[in-house]
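The values are calculated or read from the model by the stated rules, or taken from the named source; none is laboratory data. Because the structure is predicted, anything quoted here is derived from the model rather than measured. Cβ placement follows ideal geometry from the backbone for every residue including glycine, while neighbour counts extend to all protein chains displayed. Ligands, DNA and RNA are stripped out before the accessible areas are found, and what is left, the full protein with its side chains, is counted by its heavy atoms. Shrake-Rupley method; radii C 1.70, N 1.55, O 1.52, S 1.80 Å.
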Amino acid sequence: MSHRNPRQLGHPVRRALAWTLLTAVACGSSREGNPATGGSSAAGQSGGAGGEGPGGAGTPASGGSGTSAGSVNGPGGAPTGSGGNGASGVAAGAGGRTGSGGLTSAAGKPSSGGTIGNAGKGQAGAIQGVAGIASYAGAGGSSPPANALVTSANGIWTSASWTETTGDTADVTVNDTVEAQTWEGFGGAFHEMGFNLLTTSALVDEAMSLLFGAEGARFSLARIPIGASDYSLERYTLDDTGSDVTADSSESNRPPPDLALTNFSIERDEQTLIPYIKAALAKNPNVRFWAAAWTPPVWMKSGYKSGGTISDTPAHKPSYFDGGTIKRDVSTLRAYAEYMVKFVQAYQAEGITIAAIAPQDEPTFEQNYPSCLWDQATYTAYVGQYLGPALASANLGTKIMVGFLANQQPDLDLLTAVMADPAARNFVASIGVEWDVLNRVEASPLAYGVPVWVTEHKCGNYPFVAAPIKGTATTPPIPAYAEPPPNDQAYGVETWWYIRDSITKAKVTAYTFPHMVLDSLGLGNDTSREWEQNSLLVVDGGKLIATQAYYVARHFSQFVDPGAKVLATSGGDAVAFKNPDGSLVAVVFSSAAKSDYTVAIGGKRLTFAIPAEGWATVKYKPQAS
């Protein structure tokens, strides 16, 4: 997230719940700114990545060739072998390790380093598939029927039917002869604070079915943090040489360097993230993963953020993980490149292919959660001279994304510097935008010829909005901040605006939600400001609640396949696509209830009822002539 944020780290109940889940899976039992404007393992290892795509026209099949020069195919083939018990929804774990970096013990006490105080978070990101980050392997499981109609409003999802009508008028007309960008997918972010709430195999299975299952949202993308994010249970990286001490102005207690990366380990991830990632793969073996770092190991940085996000709210506990600046020396940058290579290789050994990697979340924002500042020259050199060559030398198909870019002009200036450098630009496969930068891109789409992804959907419920903001012709209404976060119909409407405008105005090719799962408070680990954020799914009282924002996302993701073309529409509030199989999809919103809402699509006029302040998805496959 950016300079907006909050979260509650190390809450004792939350930590105890995390331990309950960890011991279960280990046993193998089966920025501020105007928001309106500005664990079950899969049944074995995944099939290998499809390799370098030679480019060319046509749509690649699963594991086939890329769609553009330099593209990389997505995970090919179905899983093989016989891993954990997929049906149980619990991962086949690798022992009861507690992991490094201050995981809680069985008694629920913090290990060395303790936890950070109350806080919250901003948001996270998404990436785009530039030179084709991956080929379109298709969504997981069976596809929805060729023809389908669903509606929703106020958290109620309804399967419906249409009637074919005649006449010359329609509320929305889909023009399937005018194609725009190629769509790469919808997805969400994995983070510890959300998924540790899924404390039973039943909750894990329910959540993964809703998010990745064929009868759910069918997400085809997912983001993984490299070390701690703003929604991690504690602050850590994958190469810590000490605990999370209270930062001191002399920095005499900063943990020592480990340039040889002898302490590198994903042991913590094997307990707190990977079981859930494998559970997602069990529902959809074709999910494409991308990863981003919020902070390098603290020994790779100098300085830290001592003040609060807001001047009169200093950090409860200054931390070397929060803020500071990446060191610029060759040894550090080379080690950080190797750190990321090791991350990709370690996840690959777990059967998880990382299609793309972003060096830094919001590189020009310093936050009171894991974060790090980069200047233009260092970032550009890192991409072109260190990370890019390191990934290539390791023979990894992983591409580089420049993102998440949120801090309008500073981040856009950084992007300009990277794209002006031939060595760096050669390795850039996508650009990730969010928040204020996304607002700018909606007004003036980027023209680098590289796919643009939304790296983070706006989480809503903004603590910097004290009074409601009225909607305009170009912005949604924004409610005043509330505690707990409402996760209501109004945020569903807000979500619709953000998705629609990102696709039709910013011309993005992928979209990521920062919170697939949170509790009813929605707090992160920011140590200077609490920000209770909305989520797609909410765990409350041991039950999983699907919010209207989830259903808005599902209106798109369940029916739009990777590789679809965005189509032109006219007449109403709508976004349309043409899937690789020829089926047409129109997602519409209507402020008023209407019993005879009509969509002209594929040579037909399809009429149906739509609720007030409601959505409908029409999927129709014209018969071959």
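Quick notes
- Accessible surface of GLU164, taken over heavy atoms with a 1.4 Å probe and every protein chain present, rounds to 110 Å².
- Rolling a 1.4 Å probe over the heavy atoms of the protein chains gives region 308-383 an accessible area of 30 Å² per residue.
- Additional length obtainable on full extension of the chain from ALA202 to LYS594, 0.36 nm per residue less Cα span: 137.3 nm
- Residue-normalised accessible area of region 477-555, expressed per residue, 1.4 Å probe, Å²: 24 Å²
- When its C-alpha radius of gyration is set against 2.2 N^0.38 Å (N residues), region 512-613 gives a value of 1.39.
- A 1.4 Å probe, protein heavy atoms only, puts the accessible area of GLU215 near 140 Å².
- Theoretical gain in end-to-end length, GLU215 to ALA349 [0.36 nm per residue, Cα-Cα removed]: 45.3 nm
- Relative contact order for region 470-548, counting Cα pairs under 8 Å that sit 6 or more residues apart, in percent: 29 percent
- Taking every Cα-Cα distance in region 188-254 and sorting them into 5 Å bins from zero, the calculated P(r) comes out as 3, 14, 17, 18, 15, 10, 7, 6, 5, 3, 1, 0 percent.
- Solvent-accessible surface ranking, highest first, for ILE156, ILE545, ILE469, ILE431 at 1.4 angstrom: ILE156, ILE545, ILE469, ILE431
- Solvent-accessible area, 1.4 Å probe, carbon plus sulfur percent, for region 371-442: 49 percent
- Largest to smallest in accessible area, the residues LEU238, LEU373 fall in the order LEU373, LEU238 (1.4 Å probe, all protein chains included).
- Mean sequence separation of contacting Cα pairs (under 8 Å, at least six apart), scaled by the length of region 470-625, corresponds to a relative contact order of 15 percent.
- Accessible heavy-atom area order of LYS305, LYS543, highest first, probe of 1.4 Å: LYS543, LYS305
- Label point of ALA392 set 7 angstrom out along Cα-Cβ; within region 423-466, amide nitrogens under 17 Å from it belong to 423-430.
- Take the Cβ atoms of SER331 and ALA480, set R0 to 60 Å, and the FRET efficiency comes out at 0.75.
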